[in-house]
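**Q** Pasting a structure here, questions to come.
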Amino acid sequence: MPLSIHAPRKNARSSFLAFALCLLLTAPLFAQSLTGRWAANGRTLDNGETELTILDLKQTGSTLTATLQSTGFSLDLKGTATGNPFALLGTRRREPPMLEGDLVDGQLQGKIFGRRPFTAHSATTADVLPTIAYIEPPALHNVPENSLAKTPPMGWNSWNLFKDKVTDKLVREIADVMVSSGLRDAGYIYVNIDDTWEGVRDKDGNLPPNSKFPDMKALADYVHSRGLKLGIYTSPGPRTCGGYPGTYGHEEQDAKMFAAWGIDYVKYDWCSAARIYKDSQLQAVYQKFGDALHSTGRPIVYSLCEYGRGQVEKWGPEVGGNLWRTTDDIRDEWSSMIGNVEEQVPTAPYAGPGRWNDPDMLEVGNGRMSDTEYRTHMSLWALVAAPLLAGNDIRDMSDATKAILLNKDVIAIDQDPLGKQASPVKNGELETWAKPLANGDVAVGIVNLGSSDATATVRAADLGLTGKVKHARDLWSHEAVKFKSGAYSAEVPSHGILMLRVSAH
């Protein structure tokens, strides 16, 4: 007969609890491995094409390594799994996860980039990204300077808020408000269309816009009629980050097309070029399009977007670049904003007229930081001589947002013709950024990184002035302040900034 063991009744409850606890603690050990090749498809682009994404995932214990590829990008990821739930981050970014989700009924379900739904099945032989024929980049040489962007470019970009919702109608409305709000007169002159404008190349290789932009030349004419300039976006790879056609193999053709449309600014985003080229080839690849823009004869600002790969600040001017991204994409969060500006420190010696380090666009007014934090954001971008590209809906701004973006005192620091970039000195929770100006003045900002109010002190002896302080102005209160015994102190709220312009003449 079968052997049975009966625990005494008085121990039944404790035995059951012990058994349940054992199951809870050991459950992750029985989770299905996430290792495999996973495919996600079904997202239809605005040009009618369907995007395919492949995730090659390897799990060792709770540790994950992966490569995430689509027609538009290739990313190396790392992360962890707790049972079947998982989170994957970029190798250069600490937070948030680029892909997170769970294994449900044999499928990976979650979100990519924190916003886009992601459902992947075990890949089949049919789930293959298009093969890309390799094009050898050119030998290195210097592209002639275009003599543009002598101060950091100012304007507006569609990506931070609108992403794939950008349209001809929106751009026209933005151009109108750039004028009516005073932004144009304050220096914001570029209206930049980011990704998702592209159609499908025709049999001759021409790339028309998709239905969201029925006539790009007419749009450029309209923007120019408002006293503004039009910018556009593309990639050196076969596809943009959003999966749309890039310039790969069509560099001269696309440059001529942009010039014919009347484009004044091009953002050139690395994206799917990472599937073809190594970081050691960045300079040659960006040089190729720099040559193409130069050959058009049209003055076009050249914005390199390669996320600080390959020490771009050292060779950006040599490929005809005017500005170059030095960071990953900014997020509308304090940690991201501060993290991006801190990454400017090693790039400071390379900034100057016509050659700017770019910690990414402004998030001012997008709603996930406080107005105090947005003032700090604007101030720091000015102190590091960063491009000022608004990324909010300027058609619907609060008074506080308008006051931040239109602060002419702070804009003057950013646009100072000397073009020097500040670097920080940290003292506990306070961080001081000082920037010499063309007329001998010094702009200084003290940021309170802490969680409570703090007293910030600016000492004249630390500013490198040629004499004693004669004038000082608080650039947010717009009031004169007085130095006593060679110093000025003020209370600064958490995540706030004290920003002064100090003069010895």
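The values are calculated or read from the model by the stated rules, or taken from the named source; none is laboratory data. The structure presented is a predicted model; accordingly, all values stated were derived computationally and were not measured. Cβ atoms come from the backbone with ideal geometry, glycine included; neighbour counts cover every protein chain shown. The accessibility values were calculated without ligands, DNA or RNA, using every heavy atom of the protein model including side chains. Shrake-Rupley method; radii C 1.70, N 1.55, O 1.52, S 1.80 Å.
**Q** Of Tyr286, Pro208, Thr326, which is farthest towards the positive pole of the stretch 207-355's charge dipole, taken about the Cα centre with +1 and -1 on the beta-carbons of Lys, Arg and Asp, Glu respectively?
**A** Of the listed residues, the answer is Pro208.
**Q** Can you tell me the relative contact order of the stretch 176-263? Whole percent, Cα pairs under 8 Å, sequence separation 6 or more.
**A** 29
**Q** Which one of Cys241, Gln253, Val166 is farthest out on the positive end of the charge dipole of the chain, using unit charges on Cβ (Lys, Arg +1; Asp, Glu -1) and the Cα centre as origin?
**A** Checking the options against the dipole of the chain, the answer is Cys241.
**Q** Report the gain in length on full extension from Ala139 to Asn84: 0.36 nm times residue separation, minus Cα-Cα distance, nm rounded to one decimal. Walk me through the numbers on the way to the answer.
**A** On the way: separation 55, 0.36 × 55 = 19.80 nm, distance 4.80 nm.
Extra length from Ala139 to Asn84 when fully extended: 15.0 nm.
**Q** Under unit Cβ charges (Lys, Arg +1; Asp, Glu -1), what dipole magnitude, rounded to 20 debye, does the stretch 241-357 have relative to its Cα centre? Before the final figure, lay out each step's value.
**A** Values: 11 positive and 16 negative charges, 60 e Å.
Value, rounded to 20: 300 debye.
**Q** Also, I was wondering about something else. Per residue, how much accessible area does the stretch 306-424 have with a 1.4 Å probe, in Å²?
**A** On the way: 3610 Å² over 119 residues.
Here the residues of the stretch 306-424 average 30 Å² of exposed surface.
**Q** Let me check against my output: what whole-number percent is the relative contact order of the chain, with C-alpha pairs under 8 Å and at least 6 apart?
**A** Working: 1104 pairs, mean separation 53.3, N = 505.
Reported as a whole number, the value is 11 percent.
**Q** Separate question: If you count only protein heavy atoms with a 1.4 Å probe, what accessible area per residue comes out for the stretch 97-248, rounded to a whole Å²? Each step should come with its number before you reach the end.
**A** Details: 6550 Å² over 152 residues.
Per residue, the stretch 97-248 has 43 Å² of solvent-accessible surface.
**Q** Something else now. Report the FRET efficiency, 1/(1 + (r/R0)^6), for His505 and Ser452, where r is their Cβ-Cβ distance and R0 is 51 Å, rounded to 0.05.
**A** Working: r = 37 Å, r/R0 = 0.73.
Using R0 = 51 Å, I get an efficiency of 0.85.
**Q** Counting Lys +1, Arg +1, Asp -1, Glu -1, what net charge surrounds Gly450 among other residues with beta carbon under 14 Å of its beta carbon? Display every interim value, and only then the final one.
**A** Details: positive: Lys426; negative: Glu373, Glu429, Glu431, Asp453, Glu491.
Value of the local net charge: -4.
**Q** Net charge near Leu498: determine it from the other residues with C-beta under 10 Å of the C-beta of Leu498, scoring Lys and Arg +1 and Asp and Glu -1. Write out the running numbers ahead of the final one.
**A** Working: positive: none; negative: Asp474, Glu491.
Within the 10 Å Cβ shell, the charges total -2.
**Q** How big is the antiparallel share of DSSP beta bridges in the chain, given as a percent to the nearest 5? Mind showing how you got there, number by number?
**A** On the way: 78 of 101 bridges.
Counting only bridges with both partners in the chain, antiparallel ones make up about 75 percent.
**Q** Could I ask something else about it? Would you rank Asp396, Asp76 by solvent-accessible area, highest first, keeping every protein chain in place and using a 1.4 Å probe? All intermediate terms of the calculation are to be shown ahead of the outcome.
**A** Details: Asp396 125, Asp76 95 Å².
So the residues, ranked largest to smallest area, are Asp396, Asp76.
**Q** Could I ask something else about it? Please state the charge dipole magnitude for the stretch 134-250, taken about the Cα centre, from unit charges on C-beta atoms (+1 on K and R, -1 on D and E), reported in debye and rounded to the nearest 20. Kindly include the intermediate steps, with their values, before the conclusion.
**A** On the way: 13 positive and 14 negative charges, 36 e Å.
The dipole magnitude comes to about 180 debye.
**Q** Read through the labelled values (i) 22.7, 78; (ii) 26.4, 105; (iii) 25.0, 83 and report the label of the one computed as Rg and Dmax of the Cα atoms in Å from the structure.
**A** Computing Rg and Dmax of the Cα atoms in Å and matching it to (i) 22.7, 78; (ii) 26.4, 105; (iii) 25.0, 83 gives (ii).
**Q** With +1 on each Lys and Arg Cβ and -1 on each Asp and Glu Cβ, how big is the dipole of the chain about its Cα centre, in debye rounded to the nearest 20? Please list the in-between numbers first.
**A** On the way: 52 positive and 59 negative charges, 190 e Å.
Charge dipole, the chain, about its Cα centre: 920 debye, nearest 20.
**Q** Ok, one more. What's the tally of Lys pairs in the stretch 159-250 whose alpha-carbon atoms lie under 26 angstrom apart, where the two lysines are 8 or more places apart or on different chains?
**A** Step by step, the pairs that qualify in the stretch 159-250 add up to 13.
**Q** How charged is the neighbourhood of Pro436? Take every other residue with its Cβ under 12 Å from the Cβ of Pro436, and add Lys/Arg as +1 and Asp/Glu as -1. Please report the intermediate quantities before stating the final value.
**A** Values: positive: Lys420, Lys435, Arg501; negative: Asp416, Asp441.
Every neighbour counted, the sum reads +1.
**Q** Next question. In whole percent, and with a 1.4 Å probe on the protein chains, what portion of the accessible area of the chain is carbon and sulfur?
**A** Working: 11830 of 22490 Å².
That share works out to 53 percent.
**Q** Give me P(r) over the stretch 96-188, computed from all C-alpha to C-alpha distances, binned every 10 Å, as integer percentages.
**A** In whole percents, the pair-distance histogram is 11, 19, 21, 28, 18, 4.
**Q** With every protein chain left in place, what is the accessible area of Asp102 in Å² (1.4 Å probe, nearest 10)?
**A** Ignoring ligands and nucleic acids, Asp102 comes out at about 50 Å².
**Q** Can I ask one more? Report the label-to-label distance for Asn206 and Lys58 in nanometres (one decimal), using points 7 Å from each Cα along the Cα→Cβ vector.
**A** 4.8
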